[in-house]
Amino acid sequence: EAVVDPNGLLYVVHEEEAAVRADNNKKFPLVVRANVYDCVDWTLTSEWLDDDITNFQSSKINTHFHFLQFDNQASDGVTSGFSYEQSVRPFTQFKKEVKKGLPVPMNAKVTKAAKKGDKVVSVSNAEQYHVGIPILIGADNVKGNEVQRIVKIEKGKLTLAQPLKHDHPVDDILTVEFTRQRFWADADVGSVFWHDHAFGGTTWPHGAVGT
């Protein structure tokens, strides 16, 4: 029988999340396979909530790859020097019970069902956002998530640059806590190891690694 870490942290493909959560025998570090000349293209999000024990009320997660060339100003995941931090906060967190650590992530929920083709979305706490930024809509919706750019903000409403590509029911989550990452396998270098680079002291021992 599988030995389960109660504080385990895993990178999981969104489409496989439900199956992994339901079966302890599937809770292993993520392995992504690529052929030479393939491009691995994914959007990174997090559901690791703030707590006192593992992240000091300041949850962040990112990816730091070994054996790859990368632009260390934007795509390494490091959080030091003058690099642009590529960490994400939990898109599933909407409040905090304690006043310490990082503030509540900039998440919201759809308050009125939106249809494919709509350009205005009714959301909670729309005023926290800024015109011009990209936002992930339907962050926990496996079949209907999309990234759109905000062009106008009114009380409780966001106007988007392009029509919605999917329907979004009430309570679909909107967030700015995501990064899109692309990796080109332009040579065969064997196994490529990656890990979180924000809270390595607590994430590495609990599974926040992949290959």
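The values are calculated or read from the model by the stated rules, or taken from the named source; none is laboratory data. Treat the numbers as computed from the prediction; the structure is a model and nothing was measured. Backbone-built Cβ (ideal geometry, glycine too); neighbour counts: all protein chains shown.
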Which listed residue, of VAL120, VAL131, is over 22 Å from GLU47 (Cβ atoms), without any contact (Cβ under 8 Å) to a residue 24 or more places away in the chain and among the aliphatic types (A, V, I, L, M):
VAL131
What number of residues within segment 1-31 satisfy the criterion of being surrounded by fewer than 11 Cβ atoms within 10 Å (Cβ to Cβ) and either assigned by TED's automatic domain parsing to the domain that holds GLN148 or free of Cβ contacts under 8 Å to residues at least 60 places away in the same chain (or both)?
8
Please work out which one of (1) modelled with pLDDT of 90 or more; (2) within 30 Å of THR54 (Cβ to Cβ) is the condition GLN162 fails and give its number.
(2)
Name the residues in segment 47-63 that are of a type outside the set (Val, Ile, Thr) and surrounded by fewer than 20 Cβ atoms within 10 Å (Cβ to Cβ), would you?
GLU47, LEU49, ASP51, ASP52, PHE56, GLN57, SER58
Any chance segment 171-184 includes a residue that's free of Cβ contacts under 8 Å to residues at least 60 places away in the same chain and either on the phi < 0 side of the Ramachandran plot or assigned by TED's automatic domain parsing to the domain that holds THR43 (or both)?
no
Hey, ARG182 hits all of (1) under 15 Å from the mean Cα position of the chain (by Cα); (2) at pLDDT 95 or above but one; which does it fall short on?
(2)
Conditions: (1) under 22 Å from SER124 (Cα atoms); (2) surrounded by fewer than 16 Cβ atoms within 10 Å (Cβ to Cβ). ARG182 meets all but one. Number of the miss?
(1)
Taking ALA34, is it closer than 17 Å to THR211 by Cα and assigned by TED's automatic domain parsing to the domain that holds ALA187?
yes
